[in-house]
Each structure stands twice: as C-alpha cells, then as structure tokens.
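This report refers to the structure that appears directly beneath it.
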Amino acid sequence: MFDIGFIDISIWDVLDILIVGYLIFRIYNLLKGSIAFNIFIGVVTLYLVWALVGQLEMELLTVLLDQLVSVGVIVLIIIFQPEVRRFLLLVGRTTLKQRPGFLQRILDRNLRKGEAYEPYVTTIKETLLSFQKAKTGAIIVFSGGVETDGIQQTGIVLRAEISQPLLESIFNKNSPLHDGAVIMRNNQILAASCILPLTVETNLHYKLGLRHRAAVGVTERLEVTAFVVSEETGIISMAHNGKLTRKIKAKDLEALIKQHYQ
C-alpha cells in the first residue's frame, strides 16, 4: 500500500494490526480490575522472557521455558475459564447483532404469545420500587432465551404469571423462598429460591453481600440480567455481562427493565 523507509506496508498489515489491537482492548476490558489481570501480565512477561532467551540461544533456560509454555495453554484455559466464556459470549452476541431482524423476530414472537410484555415491565418496576422503599432484599433474573434449567432445579419451580403480590410473597422475610433468586422468562416466574453461582471477582465493594455477588456470578456464566435490591440500604442494582451497576434511579429503572426484559 505504501512504504516507510525500508518497510513495505500493505492493507493486510494495517488490518492485522487493527484486529490484534481490538482483541487486546477486549481482553483488557474483560480482565481489568480482577486478579486474572495480574495473572495475564505474568503470563505475558513469561512469554517475552521465553522469546528473549530463545534469541540469545540460552539453551538450558529455553528448554525449561519451552516445557512451561507448551503446558501453559491448557493451564491458562483452566485458570481463565470464566473470562474465556465471557469472551466467547461477547463474540457470539456481536455476531447475532449483525442480524437484529432475525433475532428480534424470534424474541418478539415469544413475548407476544397471548399478551404484550409492557404491563409486566411496569409490574416489575413497581415491585422493585416497593422493595426499595421497604428495604426488602430481592434478586430477579431475566433469563431471556437462555436455558436455565440447571439453575431452576436448585429452587422451587412455579411457572406462574408475574404479579406484584406473588413477588412480594416470595421475598417476604418470613417466606421460605426469600433467600434465593427468582427466574423470569416470557411473562412467567419460572422458579423461586434458586441458588446462583457466586462471582470470582475481587474488585466488588467490600460491603456488597451474597445477593450482589450471586447476581454478578450468574451473568458471568450466562447471558442473563439480574436486578438486586439491597436489604441493608434498599439500593437497586443491575448485573449484566459480569458487571454491576449500582444505585439505579427510579427514573431510569423502567427503561433498563424494558431493555433487558426483551
């Protein structure tokens, strides 16, 4: 394409650099703020040292580091399993976004079976605001089109229509179901008192309890969204794609519910 001194640069070289830069940026966003980022820096450092000793023909170190690097790929997959899952989810979600009409038709068809979803969005919003006012701890998961049978089996299957009285009964402090999470899909409460996997992230605020860590944890493993109400403060938070958004205001709540409920 053009020359820079003695270097010939083609359009493929530019594309190569852009793709690698984008992948590094995505990996950084996935790992930043977690202990996995420190491990990643250690791995990169080890790889650079391995490349350097190979160029310097330091045979003993090269043989030793060759063994570490050859086994290291399998070890890295085990260590970074949550991050690899999140990266593949990101790639899959980006691919599907190239076909929004196809995906939206599928989702809309599911949501319009019998009744529109808007009344249920309002019901969920009003229930969360009621929980906020009463400082009732709660966690509600929107499963969308994701298979959640494994999580549902840890709780009590309901398959009941979404309603505020039912949600208030479930999360009442005297209810045997109030400790777990509610799973929702297609205008139904699929199950209650479900046990969610906890996050492995260490950068969450130290005052956040198991509800918030479970909400982040389930969104790290599945492409779902979880809304959490703190029992101590009444603050409403939302977890999505392994990230927690805290202190959601009432004026923003309905738009967020509608966005992720669909």
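The values are calculated or read from the model by the stated rules, or taken from the named source; none is laboratory data. Worth saying up front: this structure is predicted, and the values here are computed from it rather than measured. Quick reminder, even Gly has a Cβ in these numbers, built from the backbone with ideal geometry, and neighbours come from all protein chains shown.
So, in the stretch 171-191, exactly how many residues are in contact with a His (Cβ under 8 Å, 6 or more places away or on another chain) and within 14 Å of Phe227 (Cβ to Cβ)?
1
Here is a list of conditions, (1) touching a residue at least 40 places away in the same chain (Cβ under 8 Å); (2) within 15 Å of Leu128 (Cα to Cα); (3) of a type in the set (Lys, Arg), and Lys251 meets all of them except one; can you say which number that is?
(1)
Could you list, in sequence order, all residues of the stretch 136-171 that are of a type in the set (Val, Ile, Thr), within 23 Å of Arg213 (Cβ to Cβ) and either crowded, with 19+ Cβ neighbours inside 10 Å or at pLDDT 95 or above (or both)?
Thr136, Ile139, Ile140, Val141, Thr148, Ile151, Ile170
Please give the number of the condition Arg246 fails out of (1) without any contact (Cβ under 8 Å) to a residue 60 or more places away in the chain; (2) surrounded by fewer than 21 Cβ atoms within 10 Å (Cβ to Cβ); (3) farther than 16 Å from Lys135 by Cα.
Condition (3) is where Arg246 drops out.
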